[in-house]
Amino acid sequence: MTPYYQVTIRLIAAIMRSQAESLERAAQAIFESLRADGVFHVFGSGHSHALAEEAFHRAGGLVPVNAIQEAFLTPLTSPRMSGQLERVPGLAKLILDGHDLRPGEVLMVISNSGINAVPVEIALEAKARGLTVIALTSLHHSQGVPSRHGSGKRLFEIADIVLDNCGEPGDAAVGYEGFQGRVGPTSLLAGAYIINSLVCRVVELFLAKGLTPPVYLSANLPGGDEHNRALEAKYRGRIRGL
């Protein structure tokens, strides 16, 4: 077995063991919002933007998901620039003003470190607007470093529900003798597992109430396009890009 395989097997086991209660609370919050015709909003900057995309417009995923994505906060822009912009205060309100966020809905903020200004302010601003905030973060990392936001708060200290990706400080989890650095980051793998676990549980909650869950079919299967367009019509104008 490779070292990374061993790390990831232990990681998923740790998430299953330690995050069950928080996952259930998060799934219940998302379900109650969606049942009331709400939208589930997801934000991630830096490499965490990939996890926001994992939740958005995805075969086997939930339809009423709005990805709050800005290219200038991701490595799609010059990493030197985007990394600095993630630390600039005052951007969160401008970003959220471009989306239709409503009280009672849920917003997940994904940040492995949970210390930079933009994700911290996204959480603060969303709570001020009456949304339930879920943090997907690394508690081991975040609890060991100071906030870069003027409030002194880290993401996990703001969120209503915290989902710990159980990652190592610095994300990379595999070390080698004679090499000072580490490789094998785990935040994306762990985050995808957590997000899709939430989707599965939300679907179970819909079914338990005798309701049809709003789930995408693959557009590459017969009837997929027609199925998806019919579901999307309900949320057009609420989800960017529809």
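The values are calculated or read from the model by the stated rules, or taken from the named source; none is laboratory data. Model, not experiment: these values are computed from the prediction. Using ideal geometry, Cβ is built from the backbone for each residue, glycine included, and neighbour counts are taken over all protein chains shown. Surface areas here come from the heavy atoms of the whole protein model, side chains and all, with no ligands, DNA or RNA. Shrake-Rupley method; radii C 1.70, N 1.55, O 1.52, S 1.80 Å.
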field: Scope region 209-241; condition surrounded by 13 or more Cβ atoms within 10 Å (Cβ to Cβ) and of a type in the set (S, T, N, Q); matching residues
entry: Ser218, Asn228
statement: Glu21 fails exactly one of (1) at pLDDT below 95; (2) surrounded by fewer than 20 Cβ atoms within 10 Å (Cβ to Cβ), namely (1)
- request: Count, please, the residues in region 24-46 that happen to be open to solvent by 30 Å² or more (accessible area, probe 1.4 Å) and farther than 18 Å from Ala123 by Cα.
  value: 6
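For region 113-127, give me the residue count where each residue is open to solvent by less than 30 Å² (accessible area, probe 1.4 Å) and more than 24 Å from Gly241 (Cα to Cα). Reasoning before the result, please.
Start the filter on region 113-127 by keeping residues that are open to solvent by less than 30 Å² (accessible area, probe 1.4 Å), which leaves 113-120, 122-123, 126.
The next check asks that each one be more than 24 Å from Gly241 (Cα to Cα); those that pass are 113-117, 120.
So the count comes out to 6.
How many residues does region 67-109 hold that are part of a loop (DSSP other than H, G, I, E, B), of a type in the set (S, T, N, Q) and open to solvent by 20 Å² or more (accessible area, probe 1.4 Å)? Step through it out loud before you land on a result.
As a first pass, look at region 67-109 and keep what is part of a loop (DSSP other than H, G, I, E, B): 69-70, 74-78, 86-90, 97-105.
Next, from what is left, pick out any that are of a type in the set (S, T, N, Q): 69, 74, 77-78.
Okay, now just the ones that are also open to solvent by 20 Å² or more (accessible area, probe 1.4 Å), so 69, 77-78.
Counting residues in region 67-109 that are part of a loop (DSSP other than H, G, I, E, B), of a type in the set (S, T, N, Q) and open to solvent by 20 Å² or more (accessible area, probe 1.4 Å) gives 3.
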- line: Restricting attention to region 155-184, the residues that are assigned to a loop (DSSP other than H, G, I, E, B) and either over 21 Å from Ala52 (Cα atoms) or open to solvent by 40 Å² or more (accessible area, probe 1.4 Å) (or both) number exactly 6
Filtered residues of region 126-154 (kept if assigned to a loop (DSSP other than H, G, I, E, B) and touching a Ser or Thr at 6+ places or on another chain (Cβ under 7 Å)): Ser138, Val145, Lys153, Arg154
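Determine, yes or no, whether Gly130 is surrounded by fewer than 20 Cβ atoms within 10 Å (Cβ to Cβ) and at pLDDT below 95. Spell out how you get there, then give the answer.
Working: surrounded by fewer than 20 Cβ atoms within 10 Å (Cβ to Cβ): yes; at pLDDT below 95: no.
It is false that Gly130 is surrounded by fewer than 20 Cβ atoms within 10 Å (Cβ to Cβ) and at pLDDT below 95.
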task: Answer yes if at least one residue in region 134-144 is farther than 21 Å from Ile68 by Cα, within 19 Å of the chain's Cα centre (by Cα) and hydroxyl-bearing (Ser, Thr, Tyr), and no otherwise.
output: yes
query: Can you pull out the residues in region 27-39 that are in a helix (DSSP H, G or I), out of contact with any helix residue (DSSP H, G or I) (no Cβ under 6 Å at 6 or more places or on another chain) and not acidic (Asp, Glu)?
result: Gln28, Ala29, Ser33, Leu34, Arg35
query: Which of the residues belonging to region 87-134 are out of contact with any Lys or Arg (no Cβ under 8 Å at 6 or more places or on another chain) and of a type in the set (Asp, Glu)?
result: Asp97, Glu105
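Considering Leu101, Leu124, Leu73, which residue is farther than 20 Å from Lys153 by Cα, modelled with pLDDT of 95 or more, of a type in the set (A, V, I, L, M, F, W, C) and over 12 Å from the mean Cα position of the chain (by Cα)? Break it down into steps so the answer makes sense when it comes.
Values: Leu124 fails: farther than 20 Å from Lys153 by Cα; Leu73 fails: modelled with pLDDT of 95 or more.
Among Leu101, Leu124, Leu73, only Leu101 is farther than 20 Å from Lys153 by Cα, modelled with pLDDT of 95 or more, of a type in the set (A, V, I, L, M, F, W, C) and over 12 Å from the mean Cα position of the chain (by Cα).
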